[in-house]
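The values are calculated or read from the model by the stated rules, or taken from the named source; none is laboratory data. Because the structure is predicted, anything quoted here is derived from the model rather than measured. Because the Cβ atoms are built from the backbone with ideal geometry, glycine has one as well, and the counts that use them run over all protein chains shown. Heads up: the accessible areas ignore ligands, DNA and RNA and are worked out on the full protein's heavy atoms, side chains in. Shrake-Rupley method; radii C 1.70, N 1.55, O 1.52, S 1.80 Å.
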Amino acid sequence: MVKRDFRKLALAAAGAADDKKAVDVRVLDIRKESDVADYLVIAGAASSAQMNAVSESVEEELGGKGLPALHKEGRSRGRWMVLDYGGLVVHIL
């Protein structure tokens, strides 16, 4: 099993979100509070189109590093999205 540096991946995801002008991008170390993930990236979007652009940018960045999303939720609702990468969760709202 490959050991992932989820801190570096979280920073890469935050950078990808920032590239699409996401608002208030935050990287949170949640290792002490969560059994589900090590890091949480939160990014705001002004519209559903921007939300999709941020999501696609994050997926492309992390996919290019060999880490596809394990699960995606909320895309069809257009108000929020969650991308689950195992040790990293990206929440776009």
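Annotations for the structure displayed:
- Among the candidates Leu88, Leu93, Leu83, the residue that is open to solvent by less than 30 Å² (accessible area, probe 1.4 Å) and touching a Phe, Trp or Tyr at 6+ places or on another chain (Cβ under 6 Å) is uniquely Leu88.
- Of all residues in the stretch 61-80, those satisfying the criterion of being assigned to a loop (DSSP other than H, G, I, E, B) and open to solvent by less than 70 Å² (accessible area, probe 1.4 Å) are Gly66, Leu67, Ala69, Gly74, Gly78.
- Among residues of the stretch 13-38 being open to solvent by less than 20 Å² (accessible area, probe 1.4 Å) and under 19 Å from Gly64 (Cβ atoms), the one that is farthest from the chain's Cα centre (by Cα) is Ala22.
- Within the stretch 28-47, the presence of a residue that is hydrophobic (A, V, I, L, M, F, W, C) and in a helix (DSSP H, G or I) is excluded.
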